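S.K.: Handing you this structure, nothing more for now.
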Amino acid sequence: MDDYYQSTNNDSDFATDTIDDQVLSDKPRILLMGLQRSGKSSIQRVVFGKMPPNDTLYLESTTKIQKEDITRSFIDFQIWDFPGQVDFFDELAYDPQDIFGTVGALIFVIDAQDDYNDALHRLFTTVTSAYAVNPSITFEVLIHKVDGLSDDYKIDTQRDVQQRMGDALADAQMEYIHLTYYLTSIYDNSIYEAFSKIIQKLIRELPTLENLLNVLCSNSGIDKAYLFDTLTKIYIATDSSPVDMQSYELCSDMIDVCIDVECIYGPNDLSLAQTPDHIGGDALDGQQTPISLDNHENQLHPDSDSLERRLIDHQNQEQNTHSSDSEASSLIKLDNGDVLYMREVNRLLVLICLLRQDNFEKHGLIDYNFQCFKEAVTEVFEFSRKRNTQQ
């Protein structure tokens, strides 16, 4: 009886939240779905809330939908974290059109360390039902918690999941539904790599950004270039050359290094040193952890200043005053002779390039080309923002 009462209350909460959201926002949504304890909330907190992965061990199970607005540079959407124990396809309780009508991507999380038979059944039901409501949804499957598995077992697990889902869709004569699979873990960069590819599908300006990066690379002797969102370490665009996981990890680590250095030596108004790591502002021993951006559980006082807000305010101030202050930059020389070169496009975006050291000797040409690239990206961003405002 208690379980039923709790479920009924949760359903009522969800219905109210859904109605409120329809009124407050028409942003495209990313849905996080899956069975209980599959790692959905941990993914959201780590990627978008900057929570240390080890702290996710203390997260409670989600009992109602959790929503978060993500609005930074070209990233503009809502992410919804669904509780795994509720059937949102029960048409007597919910209207599927309200849930899936404006969805951009549906991410289904499978715990690779557990028996995933039930998860595959739920995945099939979710995909087929959501596709019937909104055929434009992109379906992404995260085979999650693979950090404790061997490389061979990871590959075998992904192959098994793909084969069984392919057979199930074929039996239902729904082979036209396309699913993309990723092996992920919150303890390495694989989750950021996966979300980078997922979010890129939702960015309408992606072809333009890729073309600008291709032109920059070809005219500057750059081997690989990434355009990163500073706060999430998600790259929203890269050039057309194949993505090498090792190069992406180097660039991601470079962002961490630069943020840590800026915390110590950067301007006070952008420093992380004065932000609390958790309730009460207790600092971690010898570690600097960015503040959690999640506000669903009121972990922070409403007046608490976050790094995200200060970066966005700083960027808006620069745009309003047309400030010409020099942007941040960083250079790291690797042992193999390659060079990692980072330039700040604005307070929310950074460009990180990987090139050979002999090509970097023409750094004057690279800096000039970067300024041209920065102006072009700024124009694209302004056009995108005006179009979103008019809609």
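Read the figures in this text as sums done on the coordinates, not as results from a lab. Quick caveat: nothing in here was measured; it's all calculated off a predicted structure. Methodologically, a virtual Cβ is constructed for each residue, glycine included, from the backbone with ideal geometry; neighbour enumeration extends over all protein chains shown.
S.K.: By per-residue mean of other Cβ atoms within 10 Å, what is the highest-first order of 95-107, 339-351?
M.R.: In descending order of packing, they fall as 339-351, 95-107.
S.K.: Label D160 and Q371 with points 7 Å out from Cα along Cα→Cβ: what is the distance between them in nm?
M.R.: 5.8
S.K.: Give the calculated FRET efficiency between K386 and T71 to the nearest 0.05, with a Förster radius of 22 Å applied to their Cβ-Cβ distance.
M.R.: For R0 = 22 Å, the calculated efficiency reads 0.90.
S.K.: N211 versus V261, label points 7 Å from Cα toward the beta carbon: distance in nm?
M.R.: Modelled inter-label distance: 3.5 nm.
S.K.: If Lys and Arg each add +1 and Asp and Glu each add -1, what is the summed charge of the other residues whose beta carbon sits under 12 Å from the beta carbon of L331?
M.R.: Net charge around L331: 0.
S.K.: What nm distance separates the two modelled labels at K197 and H178, each placed 7 Å from Cα along Cα→Cβ?
M.R.: 1.3
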